[in-house]
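What follows is a single structure, written as structure tokens, with notes after it.
Throughout, read-outs are computed from the coordinates displayed, never taken from laboratory work. Given the structure is predicted, the values throughout are model-derived calculations rather than measurements. Quick reminder, even Gly has a Cβ in these numbers, built from the backbone with ideal geometry, and neighbours come from all protein chains shown.
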Amino acid sequence: MPKTTALVRPGTDLDRDSGAAHGEDVTRSVVPLHSDRGSFENHKDFFIERDGVRFAGTHLIIDLWGCERLDDIDHIDAAMRESVEAADATLLHIHLHHFTPNDGVSGVAVLAESHISVHTWPECGYAAFDVFMCGEARPNEAVAVLERFFRPSRVEVSEHLRGRD
């Protein structure tokens, strides 16, 4: 019988009230560690080879300027979830935290393929996202999702190939 590994049994409700007071951690749903692509135990190497270059994964540094809704933790949660889906990645866990007095949000979506992190400065209209993914995930697909959710006036994206041979 195949071994199933999960952080929490599917269907278990770990969510705190999505309207948690500012300054509280908001923990979002936890999903199984396996995707439809099969057991991760069967994969020995998630390194990628593209154009003759072998590397661990693609790390995008995404700066968004002139953004909307950077203090809306539920909106940020939805943007991160849709980014994961668009990139064909596997969500394991999302943890977001609201800060006072500026209502900024920091957090991370932990992925089987690595992570997406966010830090927002609503008072400046600025958001900093890191999107790091290995394997067959497509991190560049997250950029258009973030643009649609936050409607920035300016976007800067830099790419770094992590673990490059």
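Evaluate E = 1/(1 + (r/R0)^6) for Asp63 and Asp165, where r is the Cβ-Cβ distance and R0 equals 35 Å; express this FRET efficiency to the nearest 0.05.
Working: r = 28 Å, r/R0 = 0.81.
With a Förster radius of 35 Å, E is 0.80.
Relative contact order (percent) for the stretch 46-100, with alpha-carbon contacts under 8 angstrom and 6 or more residues of separation? Numbers along the way, then the final one.
Working: 22 pairs, mean separation 11.7, N = 55.
Reported relative contact order: 21 percent.
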Testing the spin-label approximation: label points 7 Å from Cα along Cα→Cβ at Glu49 and Arg151. State their distance in nm.
4.7 nm
How large is ³J(HN,Hα) for each residue in the stretch 153-161, as worked out from phi by the Karplus curve 6.51 cos²θ - 1.76 cosθ + 1.60 (θ = phi - 60°), to whole Hz, x for Gly and Pro?
7, 8, 10, 10, 10, 10, 10, 10, 8
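Mean separation of Cα pairs under 8 Å and 6+ residues apart, divided by the residue count of the stretch 43-165: what relative contact order is that in percent? Can you show the working numbers first?
Details: 285 pairs, mean separation 48.9, N = 123.
Normalised by residue count, the contact order of the stretch 43-165 is 40 percent.
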How large is ³J(HN,Hα), in whole Hz, for each residue of the stretch 61-72 in order, when computed from phi with the Karplus curve 6.51 cos²θ - 1.76 cosθ + 1.60 and θ = phi - 60°, using x for Gly and Pro?
9, 10, 9, 10, 10, x, 8, 10, 6, 7, 9, 9
Can you tell me how much longer the chain between Phe99 and Glu136 gets when fully stretched, taken as 0.36 nm per residue apart minus their C-alpha distance, in nm with one decimal?
9.9 nm
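Could you calculate the contour length gain from Val108 to Asp74, that is, 0.36 nm times the residue separation minus the distance between their Cα atoms, to one decimal place in nm? Please list the in-between numbers first.
Details: separation 34, 0.36 × 34 = 12.24 nm, distance 1.36 nm.
The Val108-Asp74 span can extend by a further 10.9 nm.
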